[in-house]
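Report on the following structure.
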Amino acid sequence: MDDGTTPDTNAGFETGDRPLVAVLDYGSGNVHSAVKALIAAGADARLTSDRGLVADADGLVVPGVGAFRAVMDALRESRGDQLIERRLAGGRPVLGICVGMQVLFERGVERGVDTEGLGEWPGVVTELDAPVLPHMGWDTVSAPPESRLFRGLEAERFYFVHSFAAQNWLLDVQPPFPDAQLTWCDYGGPFLAAVENGPLSATQFHPEKSGDAGIRLLSNWIGGLGRANL
């Protein structure tokens, strides 16, 4: 891990009983630290662009660093956008991280460049209204009591590096579907730090850079994969 910690690599799973998690390889940076963190959290994590493996894995992680447009261009060029859409259409779990969260929204506007996102959630990713950007370092978040991702992590801090975020939640969920679980952070104003919405979850912060708290959050997500796939 980047912070030098060495969490328990078993994380509650027996050898041979690790859920298979595909980390989507579409040219985004910082993927190897995400793979290592997922393994530490209890997954059989594999960096891959193999369409069959991505489709069949228990969970899919979509990392993302850099500009919204660059990430979307890379996803479309590799047809990663289709893989994500097909998994979600089948109710298969997906976790987006950082820009991998941002591209799940309809659009992103960065320095006047308006880019269409994956459109899984309504809304626009825009620049934070803060005197100093990027928002970089450790920060607290406010998670709902029903959150599965943040179970046991109510007082923890997580590592952020970003200047843009989704600052509103516009999805109107109708019964019998449950409401999304929204976790907020504040930097110049409130923004979404994480979303849990059926099979689709995402974090604006980097779990793989968040030490033991990030490993435990990933373990919480991994622990729900079997139930999500029933």
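The values are calculated or read from the model by the stated rules, or taken from the named source; none is laboratory data. Remember, it's a predicted structure, so these values are computed and weren't measured experimentally. Neighbour counts run over all protein chains shown; Cβ positions are idealised from the backbone, glycine included. Heavy atoms of the whole protein, side chains included, go into the accessibility calculation; ligands, DNA and RNA do not. Shrake-Rupley method; radii C 1.70, N 1.55, O 1.52, S 1.80 Å.
When region 109-126 is limited to residues that are free of Cβ contacts under 8 Å to residues at least 24 places away in the same chain and not in a strand (DSSP E or B), the one that is least open to solvent (accessible area, probe 1.4 Å) turns out to be G119. Entry remark, region 127-160: residues being in contact with a helix residue (DSSP H, G or I) (Cβ under 8 Å, 6 or more places away or on another chain) and either closer than 17 Å to G96 by Cβ or exposed (fewer than 13 other Cβ atoms within 10 Å of the Cβ) (or both) number 6 in total. Could you go through region 129-141 and let me know if any residue there is closer than 21 Å to L200 by Cα and either within 18 Å of the chain's Cα centre (by Cα) or not in a loop (DSSP other than H, G, I, E, B) (or both). So far as region 129-141 goes, yes, one or more of its residues are closer than 21 Å to L200 by Cα and either within 18 Å of the chain's Cα centre (by Cα) or not in a loop (DSSP other than H, G, I, E, B) (or both).
The set of residues in region 157-171 being closer than 12 Å to A130 by Cβ and either assigned to a loop (DSSP other than H, G, I, E, B) or among the hydroxyl-bearing types (S, T, Y) (or both) consists of S163, Q167.
For beta carbons closer than 7 Å, sequence separation of 6+ or different chains, a first residue in region 45-67 that is more than 12 Å from G80 (Cβ to Cβ) and a second that is of a type in the set (V, I, T) and at pLDDT below 95, the qualifying pairs are L47/V31. Scanning region 18-75 for residues that are of a type in the set (A, V, I, L, M) and over 20 Å from S219 (Cα atoms) returns L53, A55, V65, A67, A70, V71, M72, A74, L75. Out of the residues in region 164-193 meeting the condition of being polar (S, T, N, Q) and surrounded by 15 or more Cβ atoms within 10 Å (Cβ to Cβ), tell me which one is farthest from G64 (Cα to Cα). Filtering first and then ranking leaves Q181.
Being outside any loop (DSSP other than H, G, I, E, B) and modelled with pLDDT of 95 or more is a property that G214 has. A residue that is over 15 Å from the mean Cα position of the chain (by Cα) and either small (G, A, S) or assigned to a strand (DSSP E or B) (or both) occurs somewhere in region 194-211.
Helices (runs of 4 or more DSSP H) fully within region 22-108 that include at least 3 residues being touching a strand residue (DSSP E or B) at 6+ places or on another chain (Cβ under 8 Å) and open to solvent by 10 Å² or more (accessible area, probe 1.4 Å): 31-40. Please work out if V61 is aliphatic (A, V, I, L, M), under 25 Å from Y187 (Cα atoms) and at pLDDT 95 or above. When the stated conditions are applied, V61 does not pass them.
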